[in-house]
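All remarks here apply to the structure that follows.
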Amino acid sequence: MQNYYVDIKLDKHDNIDTDYYIGQAHTLRGEALAELGTSISSWFKNLKAKMFARQGFIHQASV
C-alpha cells in the first residue's frame with residue numbers, strides 16, 4: 001500500500017487558502033486553453049492544406 005503525502009496550503013487563519021488554489025486553477029486553465037488553441041489551429045491549417053492539394057491549387061500556384 002502506498003501512502004501519499006498531500007500538502008494543503010493554508011491561509012493565516014489555518015483555513016484552506018482558496019485564493020491560492022483559485023489562482024492555480026486560472027493558470028492551469030489558461031495553459032490548457034492555449035494548448036487547445038494551438039492544437040485546433042494546427043489541425044485547421046493541415047485540413048486547409050489537404051483541401052487545397054486535392055483541388056490542385058498548390059500545384060497551379062507553384063507553376
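Computed from the coordinates by the stated procedures, all read-outs in this text should not be read as laboratory data. The structure presented is a predicted model; accordingly, all values stated were derived computationally and were not measured. Cβ sites come from the backbone with ideal geometry, for glycine too, and all protein chains shown count toward neighbours.
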Calculate the dipole size of the chain relative to its Cα centre from +1 charges on Lys and Arg beta carbons and -1 charges on Asp and Glu beta carbons; express the result in debye to the nearest 20.
-> 800 debye
Peptides 5-14, 27-36 ordered by average Cβ neighbours within 10 Å, highest first | 27-36, 5-14
Among (i) 148; (ii) 94; (iii) 71, the value of volume of the Cα convex hull per residue in Å³ computed for this structure carries the label (i)
Would you mind checking the tilt of helix 18-55 against the longest principal axis of the Cα atoms of the chain, expressed as 0 to 90 degrees and rounded to 10?
-> 10 degrees
